[in-house]
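Here's the structure, in structure tokens; my notes come after.
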Amino acid sequence: MVKYRHMRLKVLMIEDDQAFAEMYQSALGTFGIEICCAANGRDGLRLARSKHPQAILLDLALPDKHGFEVLKELKRHDKTKDIPVAILTVFDDENLKKLALQLGAKCYLIKSEHEPKEVAEKLIGCFCGEDDCSSREGPAD
């Protein structure tokens, strides 16, 4: 279990399932991760450009745009192209995973296979640039 010691990690979660987003918002908060949520791709792109998150959690099945369309737009725009994106989806498909990584995602996580603490570790790894950041500690009290 990890926490970035000197600053709160600000993450944009683009997820249309409100209950899932709220559960992650609460769970990841214990790791020092502040979650801002968007319920669709359009709002997610707008928030990515205006809020400048340090990482993005992106679902693929969104009501207005497919997550890959959102990912492509994020990687094309100067303000968002360098933000690490982690795909968090229900689709356990090797071809989708390969495509996500080709389009610029840092990782591809299957919702049913990852606990929030594992997602927190991946996000902090993306933010730090590697998986073994020196300033990690347990969850915030």
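The values are calculated or read from the model by the stated rules, or taken from the named source; none is laboratory data. This is a predicted model, so every value here is computed, not measured. All Cβ positions, glycine included, derive from the backbone under ideal geometry; neighbour counts span all protein chains shown.
Listing for the model above:
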{"item": "Count - residues of the range 40-55 that are surrounded by 18 or more Cβ atoms within 10 Å (Cβ to Cβ) and farther than 16 Å from Pro116 by Cβ", "result": "7"}
{"item": "Test: residue in the range 17-35 that is modelled with pLDDT of 95 or more and either among the β-branched types (Val, Ile, Thr) or buried (at least 16 other Cβ atoms within 10 Å of the Cβ) (or both)", "result": "no"}
{"item": "Single condition Ile14 does not satisfy, out of (1) under 21 Å from Ala120 (Cβ atoms); (2) surrounded by fewer than 18 Cβ atoms within 10 Å (Cβ to Cβ); (3) of a type in the set (A, V, I, L, M)", "result": "(2)"}
{"item": "In the range 79-113, the residues that are under 19 Å from Lys10 (Cβ atoms) and among the charged types (D, E, K, R)", "result": "Lys79, Lys81, Asp82, Lys106"}
{"item": "Filter pass, Gly129 being farther than 16 Å from Arg8 by Cβ, crowded, with 18+ Cβ neighbours inside 10 Å and at pLDDT below 85", "result": "no"}
